[in-house]
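Q: Can you read through this structure? Questions will come right after.
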Amino acid sequence: MGAVMVRVESHQRPVETRKRYNEEDRESHERPQEERSAAVRQGIVDKVETALSDPKVKSVVICGQNGIFCGGADIKEFGPKMSGPPLIPMIHAIEAANKPVVAAIEGSALGGGLELALGCHYRIAHSKARLGLPEVTLGLLPAAGGSQRLPRLIGVPAALDLITTGRHVTAAEALQLGIVDQVTDNNTVDAAVKFALSVAGQSLDARRISTYPCPQPSHLDALFEEVMQKVRQSARGAMAPVACVQAVRAAATLPYTQGLEREKELMATLFTSGQARALQYIFFAQRAVGRWRMPSGAGWDTSKHRPVNKAAVIGLGTMGQGITVALAQTGLSVVAIETQEKQLMKAKQAVSSTLERGAKRRGVAPPLDRISYSQNIQAVADVDLVIEAVFEDMGLKMEVFQQLSAVCKPGTVLCTNTSALDMDQLASETPNPELVVGMHFFSPAHVMKLLEVVYGPRSSPQAVATAMQLGKKMGKASVVVGNCRGFVGNRMLMPYSEQAFFLLEEGATPELVDRALEEFGFSMGLFRMSDLAGLDVGWRVRKSAGLAEPREASGQSARIRKGYRYSPIADLICEQGRFGQKTGSGWYQYDKPGSRVARSDPWLHSFLEQYRARHGLVARSIDHQEVLERCLYAMINEGFRILEDGIAAGPEDIDVIYVFGYGWPRHRGGPMFYASMVGLAKVLERLEHYHQAHPDVPYLQPCSLLKRLVASGSPPVHRWREVIKKLHSQL
Ligand SMILES: CCC/C=C/C(=O)SCCNC(=O)CCNC(=O)[C@H](O)C(C)(C)COP(=O)([O-])OP(=O)([O-])OC[C@H]1O[C@@H](n2cnc3c(N)ncnc32)[C@H](O)[C@@H]1OP(=O)([O-])[O-]
């Protein structure tokens, strides 16, 4: 015997192989999850020990199962009671071995998986493998020695980049950085065995990373100060990236064993934190939304998607252009239709330059020839799926859908990118309403990661499955939602922005509201975000809903609609032609139209004072807590209504929508998870309090699902579906 192989049995097996494990494996697979991971570690410890004590074994290769080296620790195992041998001594024992241990890396070596590989003396990777320390994205740091070994191996700046971002690198980049010793296109395990035999008997003194001195960059203090400042700014209150910098600093300034102690201390502050729970919740929520289900019972596991190789985009405004870019980047053939010649030319130029910029960044050729442009809708005759992205006007959209029904081949899935119109009304105008679904992209569509896939009562599961599959292929977090005004994301935005306008009436400024929201962790406060998106969009929606009617500016009726409180503040701002960044003024002022730096605007402050005086409102002092409670709890309350109405299937769907599409801080897990962390009873009590103070604001009236959850003992978020199911079965 020469080299012996030790297999790391990964918990992330591809779905189909889960069903195909053999009899020998059955016993271990039927164990509870936490025991399985402990058994994996025990297996490595035992096998490595046996191999090392067997004089016939010259070297050891550690490899994974099913083409995956190891995706890291099982997140579900994290908790107060962790059984089995701990990771750190296991990795130390491997590193201390007196026979060469080689990691054969196929698929992924992530987190604890890469830490294990860093404990080996050599690393051989397949060219398609991905490596990384993504712990930071789970609210943690690489605490099995990873934060101490990686800087010793690849230097402080590169290690800081990988550890603070959690990004995965390709095998080629890993080789360039010095993380792996060899990359192969062939069978990795065979290559590793060959390599292990070739180095058998050689000295391992220079192969134990923990014994390396950490390379000292010049201006160490200045480097860490700069990185810390950058990280704090982008972390928006997240603790893990800051702790990652501190851990790498320990590697650079302390001996290995002391650095390891620091790593442990820092990990202890993160491990049980609410932020780590929130980030790990979002990790699973992101995967849970793929297991969608419609009220009919049809869902991801029973519905087959239609293959989509060629798609069309109708209407090449900003959204249409972004969707065209996203489809072409996904590798699809795209037919891009715009009836106005001038707009078609403008769009073609914009799409081409976006594709060229993106391709340059990735070092590939721009997929320009995948797109054909036309003014004639007949050009969509042979496509598999159409995305309509014309102006938000029901008459115009209905006309387009009627044309599409006449032109498209049978079975073509017809999608609308509406964000505000009734998708079902649109479907009713086509001979095949079962083929109609909403694909609600977020601007810019080639950048934003969220997609709401909207079904109406007549949408077929196959059409939903097709849109979901396309969203997945485009790399979007795709969430199936029911049809209602604003769907999920924009519907919840209504109470949120309404409260912000009321707060302005009561004495707040846009700066105060935005500061509170940004300190909470939003990438942008509501007012800065509205200036960026354009205030005219919401104005148009309010006008079409009959809300933004010109009224007697100072009369009582100016602030009442349908018997309830209404703030016309945003409408008055729009009447002044202040549409945000694009016009150079909105809630803030900008140096010039299109400029991005928001400045406080004295005009707006005196406008607010005059407005309050005209309406007999007395400004009072408003603190950050009130801003957060009123804006966020009103939004969360609407989230409960959405669950009650069955528009979203579970809290995970809402949370993924908010984290991926609305700048909700990921380390707070989404609005519904946040409510569970605050405590449902507290959210209910504060809503009751505010509703009592503002009985004319229906959004503040606590939703009955929230009351029901509190009455049933405020179950944790993953158990809400049971309560919702019971509620629906009683309706
Ligand atoms: C002291 C401790 C130090 C160590 C810390 C760590 O290692 S921290 C960890 C550091 N590691 C990471 O952060 C790696 C996180 N994982 C990934 O990045 C990707 O899963 C992947 C690249 C490994 C595979 O991508 P892919 O598109 O091929 O597959 P997919 O993503 O769809 O997943 C398939 C199934 O596996 C599940 N599952 C996955 N990972 C974990 C996990 N760690 N745990 C539990 N479960 C996990 C996933 O939920 C899904 O289950 P479902 O829904 O079918 O029931």
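Q: Quick one: work out Rg over Rh on the C-alpha atoms of the stretch 3-272, Rh as Kirkwood radius. Mind showing how you got there, number by number?
A: Numbers: Rg = 18.1 Å, Rh = 18.9 Å.
In the stretch 3-272, Rg relative to Rh is 0.96.
Q: With a 1.4 Å probe and all protein chains left in place, how much of the accessible area of the chain comes from carbon and sulfur atoms, in whole percent? Please list the in-between numbers first.
A: Details: 16630 of 31910 Å².
Reported share for carbon and sulfur atoms: 52 percent.
Q: Just the number, please: Stokes-Einstein D of the stretch 462-566 in µm²/s, Kirkwood Rh from C-alpha pairs, 10 °C, 1.306 mPa s.
A: On the way: Rh = 16.5 Å.
Rounded, D is 96 µm²/s.
Q: Could you work out [θ]222 nm for the chain from helices alone, using -39500 (n - 2.57) per DSSP H run of at least four and dividing by all its residues? Round to the nearest 500 deg cm²/dmol. Write down the numbers at each step before the final one.
A: On the way: 30 runs with 357 residues, N = 731.
Estimated from H runs of four or more residues: -15000 deg cm²/dmol.
Q: Still on this structure: Given labels modelled 7 Å from the Cα in the Cβ direction, how far is it in nm from Ser557 to Lys56?
A: Going by the 7 Å Cα→Cβ label model, 9.7 nm.
Q: Loop-only check: which trypsin sites (Lys or Arg not before Pro) in the stretch 261-326 are DSSP coil with at most 16 other Cβ within 10 angstrom?
A: Details: sites: Arg262, Lys264, Arg277, Arg287, Arg291, Arg293, Lys304, Lys310; in loops: Arg291, Lys304.
Within the stretch 261-326, the qualifying trypsin sites (Lys or Arg not before Pro) (loop, at most 16 other Cβ atoms within 10 Å) are Arg291, Lys304.
Q: On C-alpha positions alone, give me the angle between the axis of helix 156-165 and the longest principal axis of the chain, in degrees, nearest 10.
A: 50 degrees
Q: Here's another thing I want to ask about it. So for the stretch 26-147, if I pair up every lysine 8 or more residues apart or on another chain, how many of those pairs have alpha-carbons under 23 Å apart?
A: Details: Lys47/Lys56; Lys47/Lys58; Lys47/Lys99; Lys56/Lys99; Lys58/Lys99.
Taking the stretch 26-147 as the scope, the lysine pair count is 5.
Q: For the stretch 624-730, what mean projected area does the convex hull of the alpha carbons give, in nm²?
A: Working: hull surface 26.6 nm².
Quarter of the Cα hull surface area: 6.7 nm².
Q: Between 0 and 90 degrees, rounded to the nearest ten: what's the tilt of helix 461-473 against the longest Cα principal axis of the chain?
A: The angle comes out at about 60 degrees.
Q: Let me ask another. Hey, if you drop one equal point scatterer on each alpha-carbon of the chain and run the Debye formula without solvent, what base-10 log of I(q)/I(0) do you get at q = 0.08, 0.10 Å⁻¹?
A: The calculated log intensity ratios at q = 0.08, 0.10 Å⁻¹ are -0.75, -1.13.
Q: Further question: Can you give the FRET efficiency to the nearest 0.05 for Gln610 and Lys449, using r as the Cβ-Cβ distance and R₀ = 41 Å? All intermediate terms of the calculation are to be shown ahead of the outcome.
A: Numbers: r = 42 Å, r/R0 = 1.02.
The pair Gln610/Lys449 has a calculated efficiency of 0.50.
Q: Evaluate the distance, in nm, between pseudo-label points positioned 7 Å from the Cα of Ser352 and of Gln625 along their respective Cα→Cβ axes.
A: Placing both labels 7 Å along Cα→Cβ, they lie 5.9 nm apart.
Q: Next up: Debye calculation, C-alpha points only, no solvent: report log10 I(q)/I(0) for the stretch 310-483 at q = 0.11, 0.18 Å⁻¹, in the same order as the q values.
A: At q = 0.11, 0.18 Å⁻¹ the computed log10 ratios are -0.40, -1.11.
Q: Per residue, how many Å² of accessible area does the chain show with a 1.4 Å probe?
A: On the way: 31910 Å² over 731 residues.
Counting only protein heavy atoms, the per-residue value for the chain is 44 Å².
Q: Report the semi-axes of the equivalent ellipsoid for the stretch 508-614 in whole Å, largest first, where each axis is √(5λ) for an eigenvalue λ of the Cα gyration tensor.
A: Details: eigenvalues 111, 47, 42 Å².
Value: 24, 15, 14 Å, ordered largest first.
Q: Grab the eigenvalues of the alpha-carbon gyration tensor for the stretch 467-521, scale each by 5, take roots, and send me the semi-axes largest first in whole angstrom. Walk me through the numbers before you get to the answer.
A: Values: eigenvalues 213, 47, 7 Å².
The three semi-axes for the stretch 467-521 are 33, 15, 6 Å.
The values are calculated or read from the model by the stated rules, or taken from the named source; none is laboratory data. Since we're looking at a predicted model, the values are computed, not measured. Glycine gets a Cβ as well: all are built from the backbone with ideal geometry, and neighbour counts include every protein chain shown. The area values use the complete protein model at the heavy-atom level, side chains included, leaving out ligands, DNA and RNA. Shrake-Rupley method; radii C 1.70, N 1.55, O 1.52, S 1.80 Å.
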